[in-house]
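The structure under discussion appears below in the form of structure tokens.
The values are calculated or read from the model by the stated rules, or taken from the named source; none is laboratory data. Worth saying up front: this structure is predicted, and the values here are computed from it rather than measured. In this analysis, Cβ positions are derived from the backbone assuming ideal geometry, glycine residues included, and neighbour counts consider all displayed protein chains.
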Amino acid sequence: MKNYVKGNKAAWEEAFEKAEGYGADNVARLEEERFPFLSPEFVEVLSRHDLKDGKIAQFCCNNGRELLSVVKNAGAEGGVGFDIAENLVRQANGHAAATGIPCTFVATDVLRIDRRWEDKFDAAIITVGALCWIEKLDDLFKVVRRTMKSGGTLFIHDYHPVTNMLAVRSEPEFDPDHPTRRAWPYFRATPFVEASGMHYMVGEHYPSKTFTSFAHPLSELFGALLDNGFAIASFAEFDHDVSDNFGHLEGLGMPLSFLLAARVV
């Protein structure tokens, strides 16, 4: 396991321990709502594809709430989620048991998923904030392709790579008078190395274990998919935020998020 992966594992597990009540309402929402935790545009794209009785995977699944939602509401046979954080995976398996949704969650580095999952899945999802933890997307999609059946569909919903150029409010580079000012290059070669906490989970910044993330331009994303046997079926961009970082830029016509579907050929 690469050093940055070990560090990220420790940082995510630390964040979960600090995040009081994280995921506490998952079971109730899964039982009471239709497609909770998914954006309307994601639900709309999923509805164009027949996932009934299929097996669905999620890579970097966090506590599995999106996969549980998809499997239940799309009528899938079952699902398997993969994530490196062991405590998040334990919560995911607990929520699967509590709801009776046929999902299993596996604690593993997604780049080291073993051969027992080869050619198992009819569909797969990658949701917001997952791609940034992978140094080279080609490495990820090699694994994803290996686990999927021919003709299967991969869905990716994430923040737009353009936002990697912008500082967020908590960063010293942020200029409140010019919030769209470029702080970093689009083709950033160096990773982001931080120790200010997983704000997404905990709700605040705190001195944390060091974690490393990476910026990926769209050209890398498309290239890695095409090089690993995927054909892009649809791609849409949106000017609303899905990352909890750029809500102040919504509606200004900037690309803040995207949704992609790619089929295994």
- Message: Let me confirm something: among Tyr4, Tyr22, which residue is hydroxyl-bearing (Ser, Thr, Tyr), touching a Ser or Thr at 6+ places or on another chain (Cβ under 8 Å) and under 26 Å from Cys132 (Cα atoms)?
- Response: Tyr4
- Query: In segment 40-89, which residue that is among the charged types (D, E, K, R), closer than 23 Å to Asp119 by Cα and touching an Asp or Glu at 6+ places or on another chain (Cβ under 8 Å) is surrounded by the most Cβ atoms within 10 Å (Cβ to Cβ)?
  - Reply: Lys55
- Query: Can you spot a residue in segment 169-180 that is outside any loop (DSSP other than H, G, I, E, B) and either among the hydrophobic types (A, V, I, L, M, F, W, C) or touching a residue at least 60 places away in the same chain (Cβ under 8 Å) (or both)?
  - Reply: no
- Out of the residues in segment 156-194 that are among the hydroxyl-bearing types (Ser, Thr, Tyr) and under 30 Å from Ser234 (Cβ atoms), state the one that is farthest from the chain's Cα centre (by Cα). Thr180
- Task: Would you point out the residue of segment 1-36, among those that are among the aromatic types (Phe, Trp, Tyr) and in contact with a strand residue (DSSP E or B) (Cβ under 9 Å, 6 or more places away or on another chain), that is surrounded by the fewest Cβ atoms within 10 Å (Cβ to Cβ)?
- Result: Tyr4
- Tell me which residues, restricted to segment 110-132, are part of a loop (DSSP other than H, G, I, E, B) and either modelled with pLDDT under 95 or crowded, with 17+ Cβ neighbours inside 10 Å (or both). Ile113, Asp114, Thr127, Val128, Gly129, Ala130
- Of (1) closer than 17 Å to Gly229 by Cβ; (2) out of contact with any Cys (no Cβ under 8 Å at 6 or more places or on another chain), Arg112 fails just (1)
- Task: Please identify the pairs in which a residue from segment 12-29 that is closer than 23 Å to Ser213 by Cα has its Cβ atom under 6 Å from the Cβ atom of a residue that is in a helix (DSSP H, G or I) and not aliphatic (A, V, I, L, M), counting only partners at least 6 apart or on another chain.
- Result: Glu13/Asn87; Phe16/Asn87
- Inside segment 75-103, can you point out the residues that are within 24 Å of Ala28 (Cβ to Cβ), touching a Lys or Arg at 6+ places or on another chain (Cβ under 8 Å) and in a loop (DSSP other than H, G, I, E, B)? Gly75, Ala76, Ala85, Ile101
- Which is over 25 Å from Lys136 (Cβ atoms) and assigned to a helix (DSSP H, G or I), of Phe35, Phe42? Phe42
- When you look at Val106, is it assigned to a loop (DSSP other than H, G, I, E, B) and touching a residue at least 24 places away in the same chain (Cβ under 8 Å), yes or no? no
